[in-house]
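The values are calculated or read from the model by the stated rules, or taken from the named source; none is laboratory data. In this text the structure is predicted, and so the values were computed from the model without any measurement. Only protein heavy atoms, including side chains, enter the accessible area calculation; ligands, DNA and RNA are left aside. Shrake-Rupley method; radii C 1.70, N 1.55, O 1.52, S 1.80 Å.
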Amino acid sequence: MPKTDEGKRFTDLAYATKEEVKAVYNRDNVQREWEKVLSYRATFTCDSELRDNDQNAYFLVLSPAILKECYALEENLFKDLVLYLSLSRSAKESFLLKRKTASLLALSHHGLDKIPSQATLERIARNEIENVPTSLFLLGEYSHAFDSPTFLPDEHGLFRLNNALQGERGEEAMLRTSNAESLVNTLRHPLPERIPDSLTSYFLFLEQKDIPLLARAVLSIHFFLSALPFEYMNEETGALFVKNFLFHSGLDAIGLAMDFESVFFARSKRFYERLKETEESLDLTYVLAFVLPFLTKDEEGIRQLLEECRKEAPSKEEDIEKPSAFDSELALPTFQKSEDRKTIDERAKRLREIYPFLKKKEAHFYASHCTIGSFYTIEDFRKEELTVYETARSSMESLARKGFYRKEQQGKKFVYAPIPMKDEPADK
């Protein structure tokens with residue numbers, strides 16, 4: 001038998017453990033066969049920047065079969081992005097709302113005693129409940145964070161995201177300060193004082209361009225579940241951080257739509273066996289090979305939903321990709337700063353007649369804060385509209401997504417500048 005037969009069989013057809021090879025041969029002594037497997041895998045081994053508790057490097061076997069599966073999934077996801085970008089405005093919103101609602105449902109199965117109704121989940125997903133009940137607090141915070149993929153895939157963004165999910169606005173890390181113990185997750189977690197080192201290796205790993213993008217995303221699951229860097233909400237933070245990583249890596253809305261929640265919240269014995277095998281062997285491929293088929297199936301669901309949304313009949317506002325001048329008298333660039341409440345209220349009313357998808361407070365704020373060249377903040381919205389910070393933040397994010405403001409970062413905060421728009425011919 002050629003030397004590599006066992007290697008291909010137990011690597012390319014199915015990425016097997018030594019115990020699984022024993023089961024195939026029905027004997028305990030498979031050392032000869034296992035050495036052939038390891039010899040074959042060594043040809044495709046790539047060291048990673050991830051480290052275990054003893055600072056040993058994890059590695060990845062990028063065999064032809066693994067690479068094919070990674071790149072096929074990545075290619076299909078980028079095709080999905082092209083399809084998404086071709087959709088009308090409301091079809092895009094419908095797609096993201098449905099995928100976001102599914103994310104909230106997965107979150108509900110993880111941490112809630114009672115699963116909210118579909119109607120309640122959709123209202124939370126639309127951010128229509130200003131005062132979310134305490135029992136659904138996490139869903140509300142997750143919804144807002146989902147809508148704002150501004151958490152850059154770096155350490156600063158990770159800390160901000162974890163704080164945001166806890167309703168905090170601070171930027172200091174809330175790292176784990178005690179030893180982690182779990183009956184389900186029996187991995188060896190680093191001591192609290194070693195967590196900064198683990199984070200450093202993780203961010204170096206995210207920059208490894210010799211490892212496929214989807215592999216880096218999937219293996220982030222292993223990092224978060226083994227390192228448990230935060231005192232609270234590691235799974236929630238990990239799932240949303242991976243989505244942000246893919247968003248900023250070029251997948252845009254499709255990255256946000258992927259179902260990483262179900263994987264992070266998985267509690268199957270088989271899943272944790274794979275995680276444990278990786279811990280003991282330092283071979284990350286066990287996790288990658290286990291999760292990739294699930295994401296491939298999820299991509300099929302994304303494609304199907306995109307097709308369904310494309311077939312939906314467009315509404316009037318869908319033909320308007322960006323706000324444009326709606327008449328010469330009230331063209332957006334010609335709005336002048338006004339302190340007159342009546343004038344502002346009339347502008348807000350006119351805005352909502354032309355753009356019915358605007359919420360009342362969004363229209364009212366823009367009507368009085370649209371001077372070209374000026375910059376506005378979330379705090380401006382909060383004070384003007386007498387609302388809580390989260391509502392102000394989500395409203396400004398919504399106005400930016402709809403094309404009324406351009407979002408910019410100045411230092412450690414974001415500001416919003418009205419976007420100049422040209423008047424268009426009346427018959428257009």
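Looking at (i) 23.9; (ii) 22.8; (iii) 25.1, which value of Kirkwood radius over Cα pairs in Å comes from a calculation on the structure shown? Identified label for the calculated read-out: (i).
Checking the Cα-Cα distances for Lys342/Lys383; Lys98/Lys407; Lys18/Lys269; Lys98/Lys359; Lys98/Lys297 against a 23 Å cut-off, the pairs over it are Lys98/Lys407.
Helix 213-227 sits at what angle to the longest principal axis of the chain, using alpha carbons and giving 0 to 90 degrees rounded to 10? Roughly 80 degrees between the two axes. Taking only protein heavy atoms and a 1.4 Å probe, the accessible area of the chain is 52% carbon and sulfur. Note on the chain: helix-only mean residue ellipticity at 222 nm, from DSSP H runs of 4+ residues weighted -39500 (n - 2.57) and normalised by residue number, equals -17000 deg cm²/dmol. Can you give me the angle between helix 341-354 and the longest principal axis of the chain, using Cα atoms only, in degrees from 0 to 90, rounded to the nearest 10? Roughly 60 degrees between the two axes. Where does helix 285-311 land angle-wise versus the long Cα axis of the chain, in degrees 0 to 90, nearest 10? Long axis of 285-311 versus the principal axis of the chain: about 30 degrees.
Mean silhouette area of the stretch 111-200, derived from the convex hull of its C-alpha atoms and averaged over all directions, reads 7.6 nm². Using protein chains only and a probe of 1.4 angstrom, how many square angstrom of Cys46 are accessible, to the nearest 10? Probe radius 1.4 Å; accessible area of Cys46 about 20 Å².
Taking every protein chain into account, the accessible area of the stretch 185-281 amounts to 31 square angstrom per residue (probe 1.4 Å). The amide H of Leu50, built 1.01 Å from its N in the peptide plane, has Tyr58 as neighbours under 5 Å, considering only residues 5 or more places off or on other chains. The string of couplings for the stretch 374-389 from the Karplus curve (6.51, -1.76, 1.60, θ = phi - 60°) is 8, 10, 10, 10, 4, 5, 4, 5, 4, 6, 5, 9, 6, 10, 6, 4 Hz, one whole number per residue in order, with x for Gly and Pro. In sequence order, the stretch 186-192 has phi-based couplings of 9, 5, 7, 8, x, 5, x Hz under the Karplus curve 6.51 cos²θ - 1.76 cosθ + 1.60, θ = phi - 60°, and Gly or Pro positions carry x.
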